[in-house]
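What follows is one structure encoded as C-alpha cells, with my remarks underneath.
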Amino acid sequence: MGPVKEQIRRGGPAEAGWHALPPEAPLAMPVQDLHGPAPGGPASRPSTPRFMALRRFLVVGGAVALTALGGHEMYLVLDLSRPTVLQILLFLLFLVLFAWVALSFTSALAGFFRILAGEERRLGISARGPLPELQTRTALLMPVYNEAPERVMAGLQAIHESLAALGVGAKFDVFILSDTTDADAWVTEEAAFLALRERTGDHERIFYRRRPRNTERKSGNIADWVRRFGGAYPQMLILDADSVMDGETLVRLVAAMERHEDVGLIQTLPVIVNGRSLFARMQQFAGRVYGPLIAEGIAWWHGPEGNYWGHNAMIRCRAFAEQAGLPQLRGRKPFGGHILSHDFVEAALMRRGGWAIHMVPALRGSYEESPPSLTDLSIRDRRWAQGNLQHMAVLPARGLHWISRLHLLTGIGSYITAPLWFLFLVVGLLTSLQARFIRPEYFPAGPSLFPDWPVVDPVRAMWVFVGTMSLLLVPKLLAWIALLFRPADRSGCGGAIRACLSMLVETVIAGLMAPITMLTQSVDVVSILLGRDSGWNAQQREDGSLAFREVLRLYWRHTIFGCVFGGAAWLVSPFLALWMLPVILGLALAVPLAAWTGRRSAGDALRRLGLLLIPEERRPPVVLDRANALHRELRAQAPAPMEAVQQLANDPVLAQAHRRMLPPARRPRIDPIDPALLLGMARVEEADRLEDVLPALSRAEKAAVLGNAQGLDRLLALARRRDG
C-alpha cells in the first residue's frame with residue numbers, strides 16, 4: 001500500500017498530514033484596462049540584442065520593397081491605366097496577399113543566415129555549457145480539460161524523473177490544474193493524481209486542484225492559480241496536456257530568468273513528435289525542418305518584443321500577475337466576452353508594461369504533439385480562428401509596442417488570408433470569364449482614330465506567378481540547405497537525399513491540401529462573422545482516422561466546388577485550367593485526401609521507406625522515450641472506464657481523498673448561486689435508487705453534486721444501498 005493511501009486510511013487531514021495543495025500564497029492579478037496606461041514594470045530592457053532597428057529595417061523594409069516590386073509588375077500585367085472594378089479588386093487582393101508572403105520570406109531569409117552564423121546564446125543560454133545552479137523555486141502548471149489522464153501523468157512523471165536525476169527536483173513543484181467538466185473523467189483524474197504521487201514517491205511537490213467553474217477557460221484556470229498560489233514562486237512554466245520537457249531545458253530557462261530581471265517570458269520552440277498518421281508525420285517533419293529557420297528568423301528581428309504560444313514557456317509570475325489580467329471584451333459572442341486566444345494578448349500586455357519577451361529557438365528539449373488529421377486540425381482551427389479574430393478589439397489598446405500589434409495582426413491574418421486567397425481566385429476567374437464571354441467596347445464614345453484594345457501581358461503574368469511561388473517555396477529549400485550544416489539533424493532526417501525526398505513529398509501533399517484548408521477556414525471565418533460561437537471541446541490527440549461516410553459528409557462540398565471551379569476555368573481556356581490544376585485537384589480530391597492522410601497505415605508506410613523522418617523518432621531523447629514508455633504502460637494497465645459514483649463507492653480510499661479535495665462549502669452571502677447544484681441536489685434528495693437518479697442528472701448537475709460534500713454523501717449512500 002502506498003504512503004498516500006496509508007495516510008488517508010489512518011485518519012483526517014490533520015492527523016495524516018495529507019494535502020492536495022500547498023498553503024495559499026496570494027498574488028494580486030488586476031484586470032487590465034486596454035484603454036488606460038499600463039502599470040509599472042522594468043524601466044529598461046538590458047536583455048535587448050544589439051542593432052534591433054537595423055534588423056527590423058532589413059526584414060520589414062525588404063518585405064515592403066518586394067511588395068512594391070510585385071505590385072508594379074501586377075499593375076503592368078492587368079494594364080490598370082483604364083481598370084475595371086474586378087481588376088482593381090484583384091490588384092488590391094494581390095497586394096495584401098503578396099505583402100504577407102514577402103514578410104514571411106524576408107523573415108525566413110534572416111533565419112537562414114542566423115542559422116549559418118552558428119549558435120546564438122540569447123540570454124546567455126547555451127545547451128553545451130555546464131548546468132547552472134538554481135536559487136529559486138519554479139511551478140510547473142499542467143492545465144487539463146477532459147483529457148486522458150494516462151497521457152498527462154506519463155508526461156509529468158517523465159519530467160519529474162528528469163529533474164530528480166539532475167538533483168534539482170526540490171526546486172520544482174508540479175500543479176495539475178483541472179477544468180474537467182465530466183464527472184467520470186474528474187474522478188479518474190483524481191485517482192491518476194494519487195497514483196502519480198505513489199509512483200514517484202513525491203507527496204510534497206505534486207499537487208492537484210479542480211475548479212468547480214471553468215470561467216474564462218484556460219486563461220481563467222491559470223489566473224486562478226496565480227491569484228491563489230503565485231506569490232510563492234518567482235516563475236512558472238505552463239505545459240499543455242501533450243507537452244514534455246527535458247529537465248536540463250527547464251533548469252537553463254529558470255537560470256536565465258534569474259539572471260535577467262527585465263525578462264517576463266522566455267518562449268521555447270516545441271518540436272512536434274509522436275506522429276503516426278500521415279498528416280501528423282507531415283506536420284512534425286515540416287515543424288522539425290522548416291520550424292527552426294522560421295523561428296530563428298522571427299527571434300532575430302523581434303528581439304525582446306517576442307510572442308507567446310500558450311505553453312512550454314517560462315513566465316515571471318510578477319510580470320504575468322501585474323500585466324496579464326485579461327478584461328472582458330465588449331459586445332456579444334463571438335467577438336465579445338472573455339478572450340479565447342489569450343497567449344498573444346498576454347505577451348502584448350506584458351511587453352506594454354515594460355517586460356522583455358524573448359524566444360530561444362536554439363534551446364532543444366521542448367516537445368508537443370499535433371492533431372492527427374486534417375479534420376482534427378480544422379476543429380482546433382475553428383476555435384483558434386474565433387480567438388484570433390477577437391484580437392481586432394485588442395489592436396487599438398493603448399501603449400502596445402508596434403511589434404506586439406504586428407503579432408496580433410499576424411494572428412488575425414493567419415485566418416483572414418484564407419478567405420482573401422479564396423476571393424483572389426474567384427475574382428481572377430470572374431475577370432477571365434468577363435474577358436472571355438462579355439463583349440468588350442473597343443471603340444470609346446466620342447471621336448477617336450484608334451481602338452482601345454485591352455492589353456494583358458501573359459509573359460509578365462507568368463513571371464509574377466513564378467516570383468510569388470518562389471517566395472513561398474525558396475524558404476523550404478533554404479531550410480534543407482541549413483539542415484545540411486547540422487550533421488546530427490541531417491542524419492536524424494534520413495540523410496540529405498531522403499530529407500530532400502521527404503520535403504518534396506510534404507510539399508506536394510501539403511500543396512494539394514492547402515485549398516481544402518483555404519475553403520474550410522473561409523467558411524469558418526464567415527460563420528464567426530455571422531455570430532456563431534465555436535465552443536470549447538477537448539482535443540483529439542490519438543488516431544485521426546474516420547469512417548468514410550463521415551469524411552464524405554465533411555468534405556463533399558469541397559469536391560463539388562472544386563469540380564465547378566475547374567469547369568469554369570476550362571470554359572475560359574484549357575491553359576487556365578492547367579495553371580489552376582493544383583487548386584482544382586486538391587478540392588476535387590478532398591474526400592480521399594482527408595481520409596488517406598488521417599490513417600496511421602499511410603504514415604507507417606512512408607516511415608518504412610525512410611521518408612518524413614525526424615531525429616526525435618530515430619534517436620528519441622531520454623525524457624521523451626520515458627514519457628512514451630510510461631504512456632504505453634499506464635494505458636495498458638488502465639481499468640475499464642467506470643461511472644464516477646460507482647468508482648468512488650468501490651474505492652473508499654479514493655472517496656476519502658475526493659472528499660478532502662472538494663472546495664470549501666459555498667458562502668451564501670458571497671458566492672453566487674449554482675443552478676446546477678440546486679437542481680442536482682433536488683433530484684438526488686428525491687431519489688430512492690441510484691439507477692433512477694443518475695440518468696436524470698445532466699453532466700453539469702452530476703459534477704456539481706459530486707463537488708458538494710452533502711451531495712457526495714447522498715450518492716454514496718444510494719450506491720451502498722444498491723450494493724447491499
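Can you work out the PRE-style zone for Gln637? Point 7 Å along Cα to Cβ, and I want the residues of segment 20-36 with backbone N under 13 Å.
Answer for segment 20-36: none.
Only counting other Cβ atoms within 10 Å, I'd like Asp179, Asp262 sorted with the fewest neighbours first.
Asp262, Asp179
Taking Lys218 as the anchor, which aspartates and glutamates have their alpha carbon closer than 12 Å to its alpha carbon, excluding any fewer than eight residues away along the same chain?
By straight Cα distance, Lys218 reaches Asp179, Asp240, Asp343.
Looking at segment 137-394, send over the antiparallel percent of its DSSP beta bridges, to the nearest 5.
For segment 137-394, the DSSP antiparallel bridge percentage is about 30.
Give me the distance between the Cα centres of segment 183-213 and segment 131-180, rounded to whole Å.
Each part's Cα centre sits 12 Å from the other's.
Stokes-Einstein diffusion coefficient for segment 616-701 at 10 °C in a medium of 1.306 mPa s, Rh from the Kirkwood formula over Cα pairs: what value in µm²/s?
Estimated diffusion coefficient is 93 µm²/s.
How big is the charge dipole of the chain about its Cα centre, in debye rounded to the nearest 20, if each Lys and Arg gets +1 on its Cβ and each Asp and Glu gets -1 on its Cβ?
520
How large is the translational diffusion coefficient of the chain in µm² per second when you combine the Kirkwood radius over alpha carbon pairs with Stokes-Einstein at 20 °C and 1.002 mPa s?
D = 76 µm²/s.
How far is the Cα center of segment 377-403 from the Cα center of segment 651-665, in Å?
Spelled out, the Cα-based centre of one part sits 40 Å from the other.
Would you list Cys500, Cys493, Cys563, Cys317 from fewest to most Cβ contacts within 10 Å?
Cys563, Cys500, Cys317, Cys493
Where does the Debye-calculated log10 I(q)/I(0) of segment 680-724 sit at q = 0.17, 0.30 Å⁻¹, using only Cα point scatterers of equal weight, no solvent?
-0.38, -1.15
Provide the per-residue ³J(HN,Hα) series for segment 580-595, in order, calculated from phi with Karplus coefficients 6.51, -1.76, 1.60 and θ = phi - 60°, each as a whole number of Hz, with x at glycine and proline positions.
8, 4, x, 5, 4, 5, x, 5, 5, 9, 4, 5, x, 5, 5, 5
Just how far, in whole angstrom, is segment 25-95 from segment 315-336 if you go by their alpha carbon centroids?
Rounded to whole Å, the Cα centres lie 23 Å apart.
Work out from phi, with θ = phi - 60° and the Karplus expression 6.51 cos²θ - 1.76 cosθ + 1.60, the ³J(HN,Hα) of each residue of segment 546-553, listed in order in whole Hz, and give x for Gly and Pro.
Ordered by residue, 3J(HN,Hα) equals 10, 4, 4, 4, 5, 4, 4, 4 Hz.
Translational diffusion coefficient of segment 225-327 at 10 °C, 1.306 mPa s, Stokes-Einstein with Kirkwood Rh over Cα pairs, in µm²/s as a whole number.
It diffuses with D of about 103 µm²/s by this estimate.
Can you give me the long-range amide H partners of Asp240? Hydrogens built in the peptide plane at 1.01 Å from N, cutoff under 5 Å, separation of 5 or more residues or another chain.
When sequence neighbours closer than 5 places are left aside, the close amide H contacts are Asn312.
Kindly provide the pair-distance distribution of segment 137-394 built from C-alpha pairs, with 5 Å bins from 0 and whole-percent values in order of increasing distance.
Taking every Cα pair in segment 137-394, the percentages come to 1, 6, 12, 16, 20, 19, 15, 8, 2, 0, 0.
No value in this document is a laboratory result; all are computed from the given coordinates. Not measured: the values here are computed from a predicted model. So basically every Cβ, Gly included, is an ideal-geometry build from the backbone, and we count neighbours across all protein chains shown.
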